[in-house]
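Everything on this sheet refers to the single structure shown next.
The values are calculated or read from the model by the stated rules, or taken from the named source; none is laboratory data. A quick note: this is a predicted structure, and the numbers were derived from the prediction, not measured. Cβ atoms come from the backbone with ideal geometry, glycine included; neighbour counts cover every protein chain shown. Surface areas here come from the heavy atoms of the whole protein model, side chains and all, with no ligands, DNA or RNA. Shrake-Rupley method; radii C 1.70, N 1.55, O 1.52, S 1.80 Å.
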Amino acid sequence: MRASDIPGDFDHVLYTEEQVASRIREVAAQIDADYAGREILMVGLLNGAVMTMADLCRAMTSHMSMDWMAVSSYGAGTKSSGVVRILKDLTKDIDGRDILIVEDIIDTGLTLSYLVQNLRSRNPNSIEVMAMFRKPEAVTCPLDVKYVGFDIPNEFVVGYGLDYADRYRNLTDVATLAPHVYKS
Ligand code: XMP
Ligand code: MG
């Protein structure tokens, strides 16, 4: 759905479906150039990165395979718990592989710092990160992120895989929520 389908739920749209699609194509081209001749193992973080993974890998021409992890960061609310737990681990061995972690959004950076450290200990050939969104003002755990879709202000956003209480992942635009949504 588009933000205009349920306008009352949103405060403002940060990026439209078209802007997201166009940025995805740019990042995909950058990744293809950087990994020329190599095969990438893309590791998506459930559930938020599902849309980014689906669109990014289809815009790429590199050979790739896909695996998924689930880690806990936030509960149903909008504040980080500060605790990272692996809820679902990889099914593939990453020894010697070129890993590209695909994440929906970097807020404090806590989740990814933990994850990169964890995956590094499994002896991959390389690890890079692609995050569709990043909030530079919120970062407390600085992290080398090679590919960023958009740097955004420090606001809670939904859409394109990002949720509030598991809703709005199917919004194709990226938007902030109207205050009444948090109260209901
Ligand atoms: P940290 O703080 O570890 O958080 O970088 C990353 C995770 O927090 C969630 N997150 C958000 N989810 N809208 C969301 O729907 C947001 O604005 C937002 N900011 C952080 C997200 O799950 C991400 O993986
Ligand atoms: Mg996430």
Condition broken by residue 82, with the remaining ones in (1) more than 13 Å from ligand 2 (Cβ to nearest atom); (2) modelled with pLDDT of 95 or more satisfied | (2)
Subset of the range 128-153, residues farther than 17 Å from residue 56 by Cα, more than 9 Å from ligand 1 (Cβ to nearest atom) and modelled with pLDDT of 95 or more, comes to 151, 153
Residue in the range 21-43 that is buried (at least 16 other Cβ atoms within 10 Å of the Cβ) and within 16 Å of ligand 2 (Cβ to nearest atom) present = yes
Could you say whether any residue in the range 138-161 is in a helix (DSSP H, G or I) and more than 15 Å from ligand 2 (Cβ to nearest atom)?
-> no
So which residues in the range 162-184 are open to solvent by 30 Å² or more (accessible area, probe 1.4 Å) and either hydrophobic (A, V, I, L, M, F, W, C) or not in a loop (DSSP other than H, G, I, E, B) (or both), if there are any at all?
-> 164, 165, 167, 179, 180, 182, 183
Does at least one position in the range 63-71 carry a residue that is open to solvent by less than 50 Å² (accessible area, probe 1.4 Å) and at pLDDT below 95?
-> yes
Those residues that are assigned to a helix (DSSP H, G or I), in contact with a Leu (Cβ under 8 Å, 6 or more places away or on another chain) and over 26 Å from residue 170 (Cβ atoms), I need them from the range 83-118; list them, please.
-> 113, 116
When you look at residue 65, is it hydroxyl-bearing (Ser, Thr, Tyr), away from ligand 2 (no atom under 13 Å from the Cβ) and assigned to a helix (DSSP H, G or I), yes or no?
-> no
So which residues in the range 44-62 are polar (S, T, N, Q) and open to solvent by 60 Å² or more (accessible area, probe 1.4 Å)?
-> 47, 61
